[in-house]
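**Q** Here it is, the structure, as structure tokens.
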Amino acid sequence: MADSLLRSQISSPCSTTALLSPVFFNSSSSSRVSGKPRGLGFSCNSLRQRYSRFAHLKAHAQEVAPEESLSKEPKWWERNAGPNMIDVHSTQEFLDALRDAGDRLVIVEFYGTWCASCRALFPKLCRTAQEHPEILFLKVNFDENKPMCKRLNVRVLPFFHFYRGADGQLESFSCSLAKFQKIKDAIAIHNTERCSIGPPVGVGDLNLLDTPGSQ
């Protein structure tokens, strides 16, 4: 980039008026008599200094660029609060996570990367996950799982489902940062010590693996 900037300054067309002005050229008799023509207003030394400065900036940019790429932070939806917060990328992963959770309370967040409300709520959800390591938090990207989200009747974001063991789905609602107390209240209700009789139900009889055409 430094080379191109320097070339553009040297090779760019110049106004003839500027070249004939006293700043760039002096044709006075005193110059001719002294035998020391002033010539152009910039010397080879100034060009060398300018080139050296641009070369230094170019080398510095090449050194800094790899460090910046290595220190690049993940996007907000790629961050997790800990081992009890899992990203779900497919319908099968979602069903397997509900099955493997056993009797643990499972909170599913349906979000969109473009959703401002989802982004505003997410830090508080991470803090809640850290405060409740016994609860499993699943993150479902709406755009990556549209067929499944539609079958689960997710029509607004962010949206939350609560599941637990043999009881299956306990509750579902939309929530924003201003109404985050709804999530805390639901946790207080459903995160009590108890044992379910029977295997985890998950989504119940709803078949999420069917193709849209089969319905």
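The values are calculated or read from the model by the stated rules, or taken from the named source; none is laboratory data. Remember, predicted model here, so these are calculated numbers, not experimental data. Cβ: placed from backbone, ideal geometry, glycine included. Neighbour counts: every protein chain shown. Just so you know, the surface numbers come from the protein's heavy atoms only, side chains and all, with ligands and any DNA or RNA stripped out. Shrake-Rupley method; radii C 1.70, N 1.55, O 1.52, S 1.80 Å.
**Q** Rank-order 82-93, 106-117, 183-194 by packing density, defined as the average count of other C-beta atoms within 10 Å over each peptide's residues, highest first.
**A** 106-117, 82-93, 183-194
**Q** List the residues whose amide H sits under 5 Å from the amide H of Leu170, counting only those 5 or more places along or on another chain, with H placed 1.01 Å from N in the peptide plane.
**A** Excluding prolines and chain starts, which carry no amide H, the hits are Phe162, Tyr163, Arg164.
**Q** Given points 7 Å out from each Cα along the Cα-Cβ axis, report the Asn153 to Leu206 separation in nanometres with one decimal.
**A** 0.8 nm
**Q** Count the net charge of all other residues whose Cβ sits under 10 Å from the Cβ of Arg104, scoring Lys and Arg as +1 and Asp and Glu as -1.
**A** That sum, taken over residues with Cβ under 10 Å, equals -2.
**Q** Treating each Cα of the stretch 113-213 as an identical point scatterer and ignoring solvent, apply the Debye formula and state log10 I(q)/I(0) at q = 0.15, 0.16, 0.19 Å⁻¹.
**A** So the normalised log intensities work out to -0.70, -0.80, -1.10.
**Q** Now for a separate question. Using a 1.4 Å probe and counting only protein heavy atoms, arrange Asp103, Asp205 so the residue with the most accessible area comes first. Write down the numbers at each step before the final one.
**A** Values: Asp103 50, Asp205 160 Å².
Accessible-area ranking of Asp103, Asp205, largest first: Asp205, Asp103.
**Q** At 0.890 mPa s and 25 °C, plugging the Kirkwood radius over alpha-carbon pairs of the stretch 114-163 into Stokes-Einstein gives what diffusion coefficient in µm²/s?
**A** 202 µm²/s
**Q** Oh, and also: Given H placed on each backbone N at 1.01 Å, which residues far from Leu105 in sequence or on other chains put an amide H within less than 5 Å of it?
**A** Those lying under 5 Å, H to H, from Leu105 are Leu136.
**Q** Would you mind getting me the FRET efficiency between Ala178 and Lys75? Use the beta-carbon distance for r and R0 = 25 Å, nearest 0.05.
**A** 0.60
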